[in-house]
Each structure stands twice: as structure tokens, then as C-alpha cells.
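Beneath this line is the structure, given in C-alpha cells, with notes to follow.
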Amino acid sequence: MKCKLVAITGLIGSGKSAVGNYLRQRGLCVVDCDEISRKIAQRPDVLREVEQLLGSQAVVDGTLNRAYIRSVVFGDKQLLDSYNAIFHNKINQEILKLEHSSNEVVFVEVPLMDAVNIDWYKVWNVTMPEQLRLSRASVRDGKDIEDIRRISAMQKIYKGDCAEVVNDGDIASLHGRIDDLLNQL
């Protein structure tokens, strides 16, 4: 029997991880696409593909040179799309494996919904007022707000059928909203 896959999505700094962490605290299965991507990024075949696309500076001592890659791809949409394409199909395959989990529901933190082609049971879109989101992401990531705006501009806001998880208050309010959604599953 297939389990139900629930996507947790939202723009950078919206609170996807806060939602995922709460679900983990509740004992539920949560998978992070960023973690999947990091594991995939260690594979020799992927390192070769990235090096072919971005040059020898993109891979140093057998690992991705993320600072260099960010400096190159975030200024060029076509290059970013090509870079992401290396990972998207592989991430999609890993998520599809989760459907055969023994869990009734698996939650997947998905920063880029257009990166995966999954028939989701539900999608939870985490939102936050823009200034608060930009400020929190800036502090968390050690980047200036303009960098966060630029990254946000490259993300697509999910437009499909979804439940909105408004993250505009304290953590107890967020947890209450998540509990309400869990009761609807």
C-alpha cells in the first residue's frame, strides 16, 4: 500500500523547517529535500555532471564548491536551471521511493515545488509576511536582505490546491495551525 505524501513548501525563510521540526517532535516521518540533495551531491556521477557544466572550480577535493556555484548560478537563470536539472530527477526518484514506506503519511520539505513531479496527497504552503521572512532568513543564513530577495525571486510560489500555513505569530500559534491540519488528514 502506498503511503500519503504531503509536501511542505514555501519561500526561503517562511518556516518550512519549523513545521518539519514540529512534525518530527510529534513522532511523524519527515524528509527534507535539501538533505536528499546533499546526499545526491556526494555521488561521483553527479560531481562529474556539475564539473562539466560549471568547470573545475565547481568541485574541489571531491565535494561541491557551494560558494563558487552560488556565485555563478544565482546570476544566470539558464545556468541555474541547468544546474538544478542535474538534481531534480534524482530527488524525484528518491521521493517516489518514500511512497512504499511503512508510514501512513510521509511529510516532505520541498523548497522548489517545480523541481519535483509528484502526485502529492496534500500540499501545505508555509507563508509569512515578507519583511519578517526576509529578516529572519537574512539573520539565519548570514546574508543581506537583497541576497534573500534574489533567491526568493528565483523560487516559484506554489499555485496549486494547498492548505496555507500562516506563520505570522509565535511558535505556539504555528503548532496550533499544524495540529489543525493534522486533524484534517
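The values are calculated or read from the model by the stated rules, or taken from the named source; none is laboratory data. Note that the coordinates shown come from a computational prediction; the quantities given were computed from them, not determined experimentally. Every residue, glycine as well, gets a Cβ built from its backbone with ideal geometry; the counts of neighbours run over all protein chains shown. Only protein heavy atoms, including side chains, enter the accessible area calculation; ligands, DNA and RNA are left aside. Shrake-Rupley method; radii C 1.70, N 1.55, O 1.52, S 1.80 Å.
Brief remarks on what is shown
- Carbon + sulfur, % of accessible area of the chain - ligands and nucleic acids excluded, 1.4 Å: 47
- Solvent-accessible surface ranking, highest first, for VAL139, VAL110 at 1.4 angstrom: VAL139, VAL110
- The chain: angle of helix 44-54 to the longest principal axis, Cα-based, in degrees nearest 10: 70
- Chain lengthening between GLN78 and ARG24 when straightened (0.36 nm per residue, less Cα-Cα): 15.8 nm
- Point-charge dipole on Cβ atoms (K/R +1, D/E -1) for segment 91-185, about Cα centre, debye to 20: 260
- Accessible area in the full protein assembly, largest first, 1.4 Å probe, for LYS16, LYS77: LYS77, LYS16
- Of the beta bridges in the chain, as assigned by DSSP with both residues counted there, near 10 percent are antiparallel.
- For segment 82-175, the Kirkwood estimate of hydrodynamic radius, built from reciprocal distances between every pair of different alpha carbons, is 15.4 Å.
- Projection of the Cα convex hull of the chain, averaged over all directions and equal to a quarter of that hull's surface, yields 11.1 nm².
- Measuring against 26 Å, Cα to Cα, the residue pairs LYS90/LYS143; LYS77/LYS122; LYS97/LYS122; LYS2/LYS156 contain LYS90/LYS143; LYS77/LYS122; LYS2/LYS156 as the ones spanning a longer distance.
- Highest average first, the peptides 172-182, 81-91 ordered by how many other beta carbon atoms sit within 10 Å of their residues are 81-91, 172-182.
- Segment 1-68 and segment 108-172: distance between their alpha carbon centers, rounded to Å: 15
- Most tightly packed first, judged by the mean number of other beta-carbon atoms within 10 Å of their residues, the peptides 112-119, 156-163 read 112-119, 156-163.
- Averaged over its residues, segment 1-149 has an accessible area of 53 Å² per residue, based on protein heavy atoms and a 1.4 Å probe.
- Considering only alpha-carbon pairs that sit under 8 angstrom and 6 or more positions apart, the relative contact order computed for the chain is 36 percent.
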